[in-house]
């Protein structure tokens, strides 16, 4: 195995010689390739490859654990009399959050909205360059169908499941985890916001945060008023 890895590195150095000569090269590997290439007692082609690779500024580093490269996805979908929407939260390995609320401009059931949320999160994660995913949602149906414990019992669900599996294959790994609704509050809130009909609102909606009550001791005042209404 080590000889094959060394040969692959030699081929890469030859093919991209200008790049190897002009830039420092980091080789991420879980094998002790540096130790093997640095030992003169090895016979065969390894010593020659070591001399050839020694012309370049190559640094061998351990490959990061997959856990350090995983994106976390939180998704939810909501359908109501006003409309349907999905909420997505994507967290990259550095902890940066990407938050989306998407209104669905077509009729959908609650399960369909939840699948739309899941598919949208996969599309966005792919666009952002994610390779390893842990997708969390409160839909037991989706988690069960993706993990082969539930069957898709109608054509619509079968189509959603097929599309989801096609997208999942484009990642190196994707783990789908069912969580409680109480653990998915942020995505749930976004999906409900997106499903709301805003036609009766003004176009510009400003959201601000108050860090203290507008009236001091408001709880104490309310209590006294109940006891002494006069």
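In the set (1) at pLDDT below 90; (2) surrounded by 15 or more Cβ atoms within 10 Å (Cβ to Cβ); (3) in contact with a strand residue (DSSP E or B) (Cβ under 6 Å, 6 or more places away or on another chain), residue 150 fails one condition alone, (3).
Restricting attention to the stretch 129-147, the residues that are in contact (Cβ under 8 Å) with a residue 40 or more places away in the chain and surrounded by fewer than 19 Cβ atoms within 10 Å (Cβ to Cβ) add up to 3.
Of all residues in the stretch 67-114 being in a helix (DSSP H, G or I) and either outside the structural domain of residue 153 (by TED's automatic domain parsing) or within 21 Å of residue 173 (Cβ to Cβ) (or both), which is nearest to the chain's Cα centre (by Cα)?
Out of the qualifying residues, it is 69.
Answer yes or no as to whether residue 124 is closer than 14 Å to residue 72 by Cβ, in a helix (DSSP H, G or I) and assigned by TED's automatic domain parsing to the domain that holds residue 75. Answer is yes for this residue.
The values are calculated or read from the model by the stated rules, or taken from the named source; none is laboratory data. What you see is a predicted model; the values in this text were computed from it and never measured. Glycine gets a Cβ as well: all are built from the backbone with ideal geometry, and neighbour counts include every protein chain shown.
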